[in-house]
Amino acid sequence: MSITKESELIGMKKISEVVGTTLKLMREYAKVGMSTKELDEYGGEILKSYGAKSAPYETYGFPGYSCISVNDEAAHGIPSEKKILKEGDLINIDVSAELNGFWSDNGGSFVLGKDIHNHQPLVDASKNILRKAIGNIKGGVKISEIGYLIETEARKSGFKVIKNLAGHGVGRSLHEEPENILNYRVRTNRERFKKNTTVAIETFISTKSTAAVELNDGWTLVGNKGGYVTQHEQTILVTDNYPVILTASNEIWN
């Protein structure tokens with residue numbers, strides 16, 4: 001959305017702080033032996049305490065308050081009582097919600113406990129690439145150039161990008177224009193970031209795959225060539241200079 005008045009900025013700041021805080025608290029709450037359902041219900045209670053509504057549940061009828069993807073799951077993992085978290089698991093939590101007509105979105109991947117499977121380099125690459133990408137966004141910058149930066153940085157780190165998942169505009173609904181803030185350059189895309197708009201920027205960095213494919217449950221996405229995928233996401237306000245990170249309360253860079 002385009003921010004045209006102070007009340008809209010306040011609304012976006014409020015919901016962004018809610019989803020950011022929820023993500024941070026869920027990450028801290030995750031323990032070995034816990035089910036992803038229990039972790040999700042904890043997150044759902046936090047959203048409710050703020051009066052916020054889960055965006056995937058409200059918008060798409062997703063069977064959970066948040067998407068929790070574990071190990072080979074790339075995105076949209078369904079919280080389940082049968083999915084028990086283990087030491088060294090690669091976990092991604094994606095929290096998006098609505099409050100007072102404003103929507104915000106954020107996510108992050110992390111290793112649970114000791115990094116016994118050596119997932120941390122992939123997690124770090126995703127985090128650092130997101131930070132670098134956001135640092136290069138301002139009004140007038142081509143969306144395709146940010147995609148080019150993300151893919152180039154992934155390659156430098158020895159990784160690939162998922163090409164069919166993308167960041168997006170966010171604000172008055174969960175997904176708005178621009179719809180495809182991709183992790184690679186589409187030369188024909190001449191669209192530019194606009195000052196005073198709110199967008200969700202996401203990295204999808206992978207070890208082997210370049211596309212996400214849907215499982216038979218109709219939700220869960222995995223890499224087309226296996227391996228692992230990490231995602232980090234912030235909702236930002238585009239300015240003339242460094243963007244305002246609206247979801248900074250998630251502390252994914254700390």
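The Rg/Rh ratio of the chain, with Rg taken over Cα atoms and Rh as the Kirkwood radius over Cα pairs, comes to 0.94.
Think of the chain as having a plus end and a minus end, set by charges on the Cβ of Lys, Arg, Asp and Glu; of Ser104, Gly33, Ala154, Ala154 sits farthest toward the positive end of this dipole.
Computed across segment 132-219, the Kirkwood hydrodynamic radius from all distinct Cα-Cα pairs reaches 13.6 Å. Peptide packing for 113-123, 194-204 was compared via the average number of neighbouring C-beta atoms within 10 Å per residue; ordered from the highest value, the list is 194-204, 113-123. For segment 157-185 and segment 98-139, what is the centre-to-centre distance using only Cα atoms, to the nearest Å? Rounded to whole Å, the Cα centres lie 13 Å apart.
In whole angstrom, note down how far apart the Cα centers of segment 19-46 and segment 228-254 are. First find each Cα centre; the distance between them is then 20 Å. The mean sequence distance of close C-alpha pairs (under 8 Å, at least 6 residues apart), as a share of the length of the chain, puts its relative contact order at 23 percent.
Of the peptides 132-142, 100-110, the order by per-residue mean of other Cβ atoms within 10 Å, starting with the highest, comes out as 100-110, 132-142.
Calculated [222 nm] ellipticity per residue, helices only, for the chain: -9500 deg cm²/dmol; basis is -39500 (n - 2.57) per DSSP H run with n ≥ 4, divided by all residues, nearest 500.
Read the figures in this text as sums done on the coordinates, not as results from a lab. Quick caveat, the model's predicted, so the values are computed rather than measured. Virtual Cβ from ideal backbone geometry, glycine too; neighbours counted across all protein chains shown.
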